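Presented below is the structure to which this report refers.
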Amino acid sequence: MKKYNWAVLGCGNIAEKFSKELAYLPNANRYAAGSRSLQTAQSFAKKSGFEKAYGSYEDLVKDDNIDIIYVATPHSFHKEHTLLCLNHKKAVLCEKAFAMNTKEVQEMIAASKSNDTFLMEAFWQAFRPKFLKVQEIIQNHDLGKLKLVKSDFTFKGEFNPNNRLYNLDLGGGSLLDIGIYPVFTALSFLGVPDGIKTQADFSTTGSEESISIAFNYRNGAMAQLYSSFAVAYKNDVELCFENGIISYNRFSNDPISLQFNQNTDYFSFDHGPELGYQFEAKHVMECLDNELLESPKMTFRRSLDLIKTLDRIRKDAGIIFPNHDA
């Protein structure tokens, strides 16, 4: 089993969670941490078990011993930092949202291809055992056509105009941060919608704080999606088929509920330790083991469908990022 040297570019909360779970993978070596501040990188490296620390991203990507870089900076920097890594021939796992708009994602994919270097969006939900178990249940039961997807992701956040959640320069707003999960769920089970209608509520910074999204399809299927920083936590999914209903909480360890043939069954799953970031990291290394430049699961097409749909939502809702026009 080949062992890969991992680096993180950006030393925030998501990088800390991801790095903690790399420890569960015997072929993942926590090698280097990079930040704009050497002190921050050194503190992160010590806390998260990395061997080296760099005080600039440029110094990080020049280290020839690095195999894979996890880009964990705010949305608005994803393109810049991904291109920096790819142009130095470093495989990239870039945190979602992949970038701010379709044009940026297309540039990242083009750079991956021109450099013959692996790139994948870090949409970890697609690799978690619970999500895979839901897909298995759908395949193993005669549920008929899927008619409705209901999906929410909310939490009560503290308003801070400088925080990335509310700062437009950092891609602030619930849509790219947590609304992307309900959108991804609908795309995964229903595909790209034919029509989109939205209603958004905006904070005083101009960032969207809450958004309600309706997808409709020519075959009669629908999706009702909602995300918000302004209400108490909820992270549920309900899939309504002709012959049954699947319900689950997206990230908890609670069993999956299936109402089928007038009975309710509950399905557990082998979640493993922690939250499940290690599953996407494991997949990346499997791709590199097989000399792939693109994931067969989280494909470029899947990421493009997602960002194009997010752009359509933004346009309908009037969400504008001044420095990142689509």
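Between V92, V105, which is buried (at least 24 other Cβ atoms within 10 Å of the Cβ) and in a helix (DSSP H, G or I)?
Being buried (at least 24 other Cβ atoms within 10 Å of the Cβ) and in a helix (DSSP H, G or I) holds for just one of V92, V105, which is V105.
Restricting the stretch 113-130 to residues that are more than 20 Å from S151 (Cα to Cα) and in a helix (DSSP H, G or I), which is most open to solvent (accessible area, probe 1.4 Å)?
K113
Specify the residue that is most open to solvent (accessible area, probe 1.4 Å); the eligible residues are those in the stretch 18-40 that are farther than 20 Å from A91 by Cβ and part of a helix (DSSP H, G or I).
If we take residues in the stretch 18-40 being farther than 20 Å from A91 by Cβ and part of a helix (DSSP H, G or I), then Q39 is most open to solvent (accessible area, probe 1.4 Å).
In this structure, is K147 charged (D, E, K, R) and in contact with a Cys (Cβ under 8 Å, 6 or more places away or on another chain)?
yes
Which of the residues belonging to the stretch 41-76 are closer than 15 Å to L93 by Cα and assigned to a loop (DSSP other than H, G, I, E, B)?
The answer is I66, D67, A72, T73, P74.
Out of all the residues in the stretch 77-89, which are assigned to a helix (DSSP H, G or I) and within 19 Å of L292 (Cα to Cα)?
Those that are assigned to a helix (DSSP H, G or I) and within 19 Å of L292 (Cα to Cα): T82, L83, C85, L86.
Within the stretch 264-314, which residues are without any contact (Cβ under 8 Å) to a residue 40 or more places away in the chain and at positive phi?
The one that is without any contact (Cβ under 8 Å) to a residue 40 or more places away in the chain and at positive phi: E291.
What pairs come out if I take residues in the stretch 173-184 that are closer than 16 Å to A230 by Cα and pair them with residues that are β-branched (V, I, T) and open to solvent by 10 Å² or more (accessible area, probe 1.4 Å) whose C-beta lies under 8 Å away, six or more apart or interchain?
From the stretch 173-184, the pairs are G173/I319; L175/I319.
Could you tell me which residue of the stretch 1-17 is surrounded by the fewest Cβ atoms within 10 Å (Cβ to Cβ), considering only residues that are basic (K, R) and over 23 Å from F77 (Cα atoms)?
Step by step, filter the stretch 1-17, then rank; the result is K2.
Take the stretch 41-53 and flag every residue that is closer than 12 Å to N5 by Cα and open to solvent by 30 Å² or more (accessible area, probe 1.4 Å).
E51, K52
Report every pair of residues separated by at least 6 positions or lying on different chains whose Cβ atoms are under 9 Å apart, first residue within the stretch 94-113 and touching a residue at least 60 places away in the same chain (Cβ under 8 Å) and more than 15 Å from D311 (Cβ to Cβ), second polar (S, T, N, Q) and surrounded by 22 or more Cβ atoms within 10 Å (Cβ to Cβ).
E95/T73; I109/S303; S112/T82
Filter the stretch 174-189 for residues that are open to solvent by less than 10 Å² (accessible area, probe 1.4 Å) and closer than 18 Å to Y233 by Cβ and give the result.
Listed by number, the residues that qualify are S174, L175, I178, G179, I180, P182, T185.
Hey, among S112, S76, which residue is touching an Asp or Glu at 6+ places or on another chain (Cβ under 9 Å), farther than 27 Å from S207 by Cα and of a type in the set (S, T, N, Q)?
Among S112, S76, only S112 is touching an Asp or Glu at 6+ places or on another chain (Cβ under 9 Å), farther than 27 Å from S207 by Cα and of a type in the set (S, T, N, Q).
Would you kindly identify the strands (runs of 3 or more DSSP E) lying entirely within the stretch 214-326 that contain at least 2 residues that are open to solvent by less than 60 Å² (accessible area, probe 1.4 Å)?
Of the strands (runs of 3 or more DSSP E) lying wholly inside the stretch 214-326, those with at least 2 residues that are open to solvent by less than 60 Å² (accessible area, probe 1.4 Å) span 222-228, 230-234, 236-241, 244-249, 256-260.
Does D59 satisfy the condition of being without any contact (Cβ under 8 Å) to a residue 12 or more places away in the chain, surrounded by fewer than 23 Cβ atoms within 10 Å (Cβ to Cβ), over 30 Å from D311 (Cβ atoms) and not small (G, A, S)?
So D59 fails the test.
If I filter the stretch 200-213 down to residues being open to solvent by 60 Å² or more (accessible area, probe 1.4 Å) and without any contact (Cβ under 8 Å) to a residue 40 or more places away in the chain, which single residue comes out as farthest from E238 (Cα to Cα)?
Among them, the one singled out is F202.
The values are calculated or read from the model by the stated rules, or taken from the named source; none is laboratory data. This one's a predicted model, so the numbers in the text were calculated from it and none came from an experiment. All Cβ positions, glycine included, derive from the backbone under ideal geometry; neighbour counts span all protein chains shown. Areas reflect the complete protein model, heavy atoms only, side chains present, ligands, DNA and RNA absent. Shrake-Rupley method; radii C 1.70, N 1.55, O 1.52, S 1.80 Å.
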